[in-house]
Structures are given as C-alpha cells and as structure tokens.
Amino acid sequence: MKIAISNLKGGVGKSTLSQNLAVCFAHMGFKTCLVDTDANQNSLAWSGVRPDTLPSVTVVGATDPKALGKAVDNLHRDYDAVLIDGTPSLSEMTTRIIIAADLLLIPILPSAHDFRSMQPFFERLDQAREFRGDIPAFFVINQYSPSANVYKRMAEAIRELGIEVLDTVIHRRAAYAETAIDGKGTYEGSDLKARDEMIRLTREVLDKAALFNLIKTQ
C-alpha cells in the first residue's frame, strides 16, 4: 500500500502522523518505508535517532518531484507499506505526491482558518485525479482539543465536499513531540491514550486500504 500524508498548509502534523503510522505498521508486522519529501528532512532526522532495538522503519529522502513516482513504485516492490510524508508547498511536488499514492490522508487542524485555506489543495487533488482517476482521500482531524467548538461544524462542512472524515480523532498531546525527539512513535511511549488513539487510526487506515485492495498478501 502506498499512502500519502499531505496538505499544503504547514504545521498540521504531516510528519508526526507519517512517523506514528509508520511505527504502528512496523509493530504490526508490515515491512515499512517512509519517504520524506520535505526539504527540511524532518523524518530523516527522526530516523537517525531511532533506536536499533525497535522495529525497523526505513526512511529515504526524495525531493525531486519528477523522480518521486518511480522511486515510490520501486520501494513498493520491497515494502508492504510505503508512506509519503508530504511537504507544505504549492509546487509540482504536491501533485506528484498525490499521484504517487493509492490512498491519501489529509491532516487538518480543527479551526475555521485551516478549513478555509484548503482550496489550493483541492485544486491540486483535482489536478492529480485528471492523471490517476479517483484517488481515495480521507481527512484526519489532528491536534484536537475538547474546547475546539468549531470542530463539529467544520467536520460537517468537510463532509459536504464529498471527502470522508476518519472516525479517529488525534488529540493535542505532549506525547507526540516527546516521543519524536527519541525517534519513536507514541506506540512506543508511556502515554496510553496517545498510543491507543494512534492504534485506532492505524487500524482504520488499514480497513480503508483493504477496502480498496491495497494491502499486499503475506
């Protein structure tokens, strides 16, 4: 399965979700690779401090948009799960990231501002679909806080766009930043609530991948 985690807006948690999903996939027995497309290479830096005693997550950098699709396809021959950590850019790379994937996750913060800023991304998604046809796409609500009253209204507005919102909501928790410092995911941390919600998200993503026949048979 080839899964892109993408949004044109920075600060929505693309790398955090990519790394945590990769960790969960690895613990579940999937041979996992994470492709870092951001010039800052945050996921590559994360992998550099990941302890060798933990399940392996291969991380490769790929910042050339024209080479991305071929690189992802080549990796997919050797890995069960290839995750593409997207870059916040209006460049060609965003379209290439979407085209390279079989399933798209769109992290978004529960704020009206973030929702209103999505139009350029939708244009990129439509552009990619001209090349690939319909690409399954799902919103992931990230950094949720119970005090964010706008969440329910925003979720309803998103659904009107015809893009499904995944049931699992990722809360604002210090555990995500704390585990990332050590090259880990919350699956490997001490915050059980963060661990459990990431497991639920991973299982929900796997259910969607199975629905579209994206999971390799072992």
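The values are calculated or read from the model by the stated rules, or taken from the named source; none is laboratory data. As the structure is a computational prediction, the values presented were derived from the model and not from experiment. Every residue, glycine as well, gets a Cβ built from its backbone with ideal geometry; the counts of neighbours run over all protein chains shown. In case anyone asks, the SASA skips ligands and DNA or RNA and just uses the protein heavy atoms, side chains included. Shrake-Rupley method; radii C 1.70, N 1.55, O 1.52, S 1.80 Å.
Considering only residues that are polar (S, T, N, Q) and exposed (fewer than 12 other Cβ atoms within 10 Å of the Cβ), look in segment 177-218 and name the one that is farthest from Pro136 (Cα to Cα).
Ser190
Given segment 47-116, what strands (runs of 3 or more DSSP E) lie entirely inside it while holding 3 or more residues that are open to solvent by less than 50 Å² (accessible area, probe 1.4 Å) and at pLDDT below 95?
103-108
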